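Report on one structure; see the data block that follows.
Values in this text are rule-based calculations from the coordinates and carry no lab data. Quick caveat: nothing in here was measured; it's all calculated off a predicted structure. All Cβ positions, glycine included, derive from the backbone under ideal geometry; neighbour counts span all protein chains shown.
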């Protein structure tokens, strides 16, 4: 009964203070120019529908079979500053007066490597990049080894204010690491946007939906998770509210959907279920070494 009472108290006023967010569930082709054209069309459509933030999936710039080598990705990759893909998206954001969260293969300045960064950009409605995140957890698991093609980022940028709320960024495999979402939550994130290209496979969709809801519940925030669909990917782009309730699941449909996010929902849930407040930070410091040393039995 206590849980039921808590649920009733946090859902009250759910529709107050709404902000529009669009998710694109995309089947990127191997043609960068075509993916850019489609992205610009979605940006225009979202702006016409008065959306304030549009979010694209990982590998927005291009994908074919997954057999691309690091050299193939290096040919596609561009610098953030001066690259056509980023410049055109920034121009579209400004022209359409909308915030855009996009992803690119970012060319690296590192010598003697053909690997690139898997990068997310938060672009404001003036066309400025206000945050840049390079994926820190590379997907070296379940038969895949992203580190052969990508360079891991080495920082977690703080969340940024936007018209829809304070936004933190993660990418795909990051969602399996609760430390990262917690860091962003305690830094003020009300929304975590997690552009993804989640592979199909045994239990993969179950893991995806469970993890998206878990990161939402434990931090009392919205998870906005646009995903790739088709090719080798599972789709199921989702938005989950701060109490773990899915308010969007796009299944295997390619396209764009719009959701309304209510920031008062974040504050109501965190008040009724104060997980961030109830942390025992006075104890955690004594065990910080457990987070930094290798676990027994881990190769």
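Modelled spin labels at residue 210 and residue 287, positioned 7 Å past Cα toward Cβ, are 2.1 nm from each other. For region 44-112, the convex hull drawn through the C-alpha positions has a volume of 95 cubic angstrom per residue.
Please work out the FRET efficiency for the pair residue 84 and residue 177, using the Cβ-Cβ distance as r and a Förster radius of 41 Å; give the result to the nearest 0.05. Efficiency, from the Cβ-Cβ distance: 0.80. Between residue 202 and residue 94, the contour length at 0.36 nm per residue exceeds the alpha carbon distance by 34.7 nm. The average projected area of region 17-285, computed from the convex hull of its Cα atoms over all directions, is 13.9 nm².
Counting other beta carbons within 10 Å of each residue's own, what order do 151, 247 fall into, fewest first?
Fewest-to-most ranking of 151, 247: 247, 151.
If R0 is 30 Å, the Cβ-Cβ spacing of residue 110 and residue 277 corresponds to a FRET efficiency of close to 0.10.
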